[in-house]
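To start, the structure itself, in structure tokens.
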Amino acid sequence: MHKLILFIKTYQPDFERAYKLLDSIDDFNKDNIPVVISVNDEHFDLLKSDCFEKYTVYKDSDITKTTITEGWRYQQIIKCNVHKLNICENYVAIDSDSLFIKDFYISDFMFDENTPYTIMQESKDLLEMTERLKMDSKTIFFKRALRDARPFFGNKGKEWDYGPSPYIWNCNVWRHFNEVFLKELNTDFDAFFSQIDQKSYSPSDCVIYGEYLLKTRLIDILPIGSLFKVYHYKKQYKIERKQLNIEQLRNIYLGVIYQSNWQKEKKKWFLF
């Protein structure tokens, strides 16, 4: 069993972005951390043949089956159930619209052989940006998702941001959530997702993981900030693109994410 893998959930509309991500992993993965890809069943045979040669590829149904079909919720269900494969103890869940920009090692994700870092921060830089864009930082997406999910876990205190992606997740935390917490509620993963208010940005996989870890302390919590620089909004990128070049970003982050919901509109903006 692997101590750590890189896990990518993708589907046919995101294949081109996923291929660029995989190229960046090939360039910068200095410890040869195993790469595992999961693909929608109906798109499985459309993936490039060399992906099957270079990486481990699963159909989504090999991981879990779900009645949830809405795209963004569906992919969260798949990502949260990687523990069912019994192939790793920890995994880095990476979205297809991500790119590594510098050499990375197991030590970027693991404190020691057994303990992963946890993305857990107040994200004040992001809150500043939302105010700069004349958005309400009190209702930013991660706070809304947290407020929807936190009552299920009984946690108090700071409104933590357990992102952005990539996330570092421990399989035993997800397994315990399924086999203990959900069992005590006499429910399953799909039903629990449906219980959370879906009017805002919920449910959020990283919030569920983070709040459950905060509740149970199943592993030591060693908080770190963002692994990647994330451009959440087009207006944000317009403001920031001239402030830090790619070499400067490499001094701070392992990678960059240009959100896929607007990435295709302005390809000429991007650093890659």
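Read the figures in this text as sums done on the coordinates, not as results from a lab. Since the model is a prediction, treat every value here as computed from it, not as a measurement. Note: ideal-geometry Cβ built from the backbone for every residue, glycine included; neighbour counts use all protein chains shown.
Per the Kirkwood definition applied to all pairs of different Cα atoms, how many angstroms is the hydrodynamic radius of the range 1-125?
Details: mean 1/r = 0.0652 Å⁻¹.
Taking every pair of different Cα atoms in the range 1-125, averaging 1/r and inverting gives 15.3 Å.
Apply the Karplus parameterisation 6.51 cos²θ - 1.76 cosθ + 1.60, with θ equal to phi minus 60°, to every residue of the range 11-26 and state each ³J(HN,Hα) to the nearest whole Hz, in sequence, with x for glycine and proline.
8, 3, x, 9, 4, 4, 5, 4, 5, 5, 4, 4, 4, 5, 5, 4
Short version: ³J(HN,Hα) in whole Hz for each residue of the range 96-103, in order, from phi by Karplus 6.51 cos²θ - 1.76 cosθ + 1.60 (θ = phi - 60°), x for Gly and Pro, what are they?
5, 8, 10, 9, 6, 10, 7, 4
For the pairs LYS124/LYS242; LYS9/LYS102; LYS134/LYS229; LYS20/LYS65; LYS143/LYS229; LYS79/LYS183, note any where the Cα-Cα span goes beyond 25 Å. Please list the in-between numbers first.
On the way: LYS124/LYS242 21 Å; LYS9/LYS102 22 Å; LYS134/LYS229 21 Å; LYS20/LYS65 28 Å; LYS143/LYS229 19 Å; LYS79/LYS183 20 Å.
Cα-Cα > 25 Å for LYS20/LYS65; rest within.
Charges only on Cβ, +1 for Lys and Arg, -1 for Asp and Glu: so what's the dipole of the range 116-156 about the Cα centre, in debye to the nearest 20? Before the final figure, lay out the partial values.
Values: 9 positive and 6 negative charges, 36 e Å.
About 180 debye.
Among 181-188, 117-124, what's the highest-first ranking by average C-beta atoms within 10 angstrom per residue? Before the final figure, lay out each step's value.
Details: 181-188: 12.2, 117-124: 18.5.
Final packing ranking: 117-124, 181-188.
Taking only DSSP H segments of four or more residues, each worth -39500 (n - 2.57), what value at 222 nm results for the chain once the sum is divided by all its residues, to the nearest 500 deg cm²/dmol? The partial results should precede the final answer.
Values: 12 runs with 93 residues, N = 272.
When only DSSP H runs of four or more count, the value is -9000 deg cm²/dmol.
Given THR66, TYR167, MET120, which one lies farthest toward the positive end of the charge dipole of the chain, if we put +1 on the Cβ of every Lys and Arg and -1 on the Cβ of every Asp and Glu?
MET120
Roughly speaking, what is the stretch gain from ALA191 to ILE221, that is 0.36 nm per residue apart minus the C-alpha to C-alpha distance, in nm to one decimal?
Numbers: separation 30, 0.36 × 30 = 10.80 nm, distance 2.77 nm.
Separation in residues times 0.36 nm, less the Cα-Cα distance, equals 8.0 nm.
Would you compute, for the Cα atoms of the chain, the largest minus smallest coordinate along each principal axis and list the three values in descending order, in whole Å?
Cα spread of the chain along its principal axes, largest to smallest: 51, 47, 37 Å.
Given charges of +1 on the Cβ of Lys and Arg and -1 on the Cβ of Asp and Glu, with all other atoms neutral, how large is the dipole of the range 2-262 about its Cα centre, in debye to the nearest 20? Each step should come with its number before you reach the end.
Details: 35 positive and 39 negative charges, 204 e Å.
So the dipole magnitude of the range 2-262 works out to roughly 980 debye.
Taking a ≥ b ≥ c as the square roots of the eigenvalues of the Cα gyration tensor of the range 105-218, is the shape rounded (a/c under 1.5), prolate (a/b larger than b/c) or oblate? Provide the component values of the computation, followed by the final result.
Values: a/c = 2.26, a/b = 1.17, b/c = 1.94.
It is oblate, given that a/c is not under 1.5 and a/b is not larger than b/c.
Would you pull out the residues with amide H under 5 Å of ASN90's amide H, same chain only if 5 or more places away, H placed 1.01 Å from N?
LEU4, ILE5, CYS171
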